[in-house]
Amino acid sequence: MNKKIQNISVDCVVFGYDTKAKSLNVLLIRRYLESQDKKEVLVDDHVITGYHMYEDETLDETATRALKELTGLTNLYKQQFKAFGDPDRLKGEKDLIWINNEKFNQRTITIAYYFLLKIEEVDIKNNPYQAKWFSVKDLPSLGFDHEQIIKEALEDLKTKCLSEPIVFELLPDRFTINEVQDAYQSILNIELDNRNFRRKLIRKKYIIALDEKQTGVSKKPSQLYMFSKDIYMKLYRKNFLINS
């Protein structure tokens with residue numbers, strides 16, 4: 001039987017992008033607890049998913065386990081971005097009730113990760129954790145310090161997406177230029193010049209124009225593109241060698 005490390009956990013912020021709503025979302029689970037006689041609701045809010053580490057696990061393995069339990073997915077883009085160890089991080093009134101029921105250490109330090117995935121790849125209808133997507137701009141009541149963790153994950157994502165093409169981890173395999181722009185605008189919370197953005201993006205060698213257009217749209221269908229990770233990695237290695 002795997003033995004837990006009682007005061008070290010891994011919390012996972014799972015980001016997904018809704019192309020229809022043009023919204024960057026985070027996947028949250030419901031935290032719910034009733035009194036023993038079931039006459040009183042003690043805790044009813046949301047949290048990001050997380051687990052205490054097992055003694056024989058690495059941090060990455062714990063994060064991967066948490067993601068797989070929540071979504072059924074593995075091998076997604078993940079980024080470890082910060083440790084959270086404030087001594088008061090788990091001492092809210094509802095948090096203490098929850099901790100007492102779950103019997104874990106109040107002085108728990110968590111290592112935080114975020115994952116990027118395509119919303120359509122996750123079936124949340126029958127999710128045992130009552131998982132639900134929420135816009136990062138409209139979060140519900142959150143337990144522990146999870147609002148802070150989400151905000152700091154978003155700040156790290158903003159920085160990373162300016163230097164790496166990770167936005168394509170959030171988009172369908174075939175996408176329009178407008179969908180890419182909308183995704184960047186949702187992450188960065190800014191407006192981008194349409195003409196300038198389009199011109200720069202289609203010049204990238206790793207953005208491949210397809211012989212296809214959108215279907216099922218009322219307006220004029222747009223050209224579809226795909227992102228080539230292979231081409232990007234070859235270009236990245238080449239540039240790295242030149243700059244070294």
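The values are calculated or read from the model by the stated rules, or taken from the named source; none is laboratory data. All values derive from a computational prediction rather than experimental measurement. Cβ sites come from the backbone with ideal geometry, for glycine too, and all protein chains shown count toward neighbours.
Give just the number: which of (1) among the charged types (D, E, K, R); (2) more than 30 Å from residue 110 (Cβ to Cβ); (3) modelled with pLDDT of 95 or more does residue 151 not satisfy?
(2)
May I ask you to say which residue of 83, 112, 21, 66 is among the aliphatic types (A, V, I, L, M) and in contact with a Lys or Arg (Cβ under 6 Å, 6 or more places away or on another chain)?
Of the residues listed, the single one that is among the aliphatic types (A, V, I, L, M) and in contact with a Lys or Arg (Cβ under 6 Å, 6 or more places away or on another chain) is 112.
Just give me the residues in the stretch 208-223 being farther than 15 Å from residue 178 by Cβ and in a loop (DSSP other than H, G, I, E, B), in sequence order.
215, 216, listed by residue number.
Testing residue 112 on (1) over 17 Å from the mean Cα position of the chain (by Cα); (2) buried (at least 19 other Cβ atoms within 10 Å of the Cβ); (3) outside any helix (DSSP H, G or I), one condition comes back false. Which one is that?
Answer for residue 112: the failing condition is (1).
Can you list residue pairs whose Cβ atoms sit under 7 Å apart, with the first residue in the stretch 216-234 being touching a residue at least 60 places away in the same chain (Cβ under 8 Å) and the second being in a strand (DSSP E or B) and of a type in the set (Val, Ile, Thr)? Count only pairs 6 or more apart in sequence or on different chains.
227/207
So, in the stretch 79-93, how many residues would count as being free of Cβ contacts under 8 Å to residues at least 60 places away in the same chain and either surrounded by fewer than 16 Cβ atoms within 10 Å (Cβ to Cβ) or over 22 Å from residue 4 (Cα atoms) (or both)?
9
If a residue counts only when it is surrounded by fewer than 19 Cβ atoms within 10 Å (Cβ to Cβ) and in the same structural domain as residue 98 (by TED's automatic domain parsing), which helices (runs of 4 or more DSSP H) contained entirely in the stretch 132-205 have at least 1 such residues?
Once the helices (runs of 4 or more DSSP H) in the stretch 132-205 are filtered for at least 1 residues that are surrounded by fewer than 19 Cβ atoms within 10 Å (Cβ to Cβ) and in the same structural domain as residue 98 (by TED's automatic domain parsing), what remains is 146-161.
Of a type in the set (A, V, I, L, M, F, W, C), in a loop (DSSP other than H, G, I, E, B) and under 30 Å from residue 173 (Cβ atoms) - does that describe any residue in the stretch 62-76?
Yes, because at least one residue in the stretch 62-76 is of a type in the set (A, V, I, L, M, F, W, C), in a loop (DSSP other than H, G, I, E, B) and under 30 Å from residue 173 (Cβ atoms).
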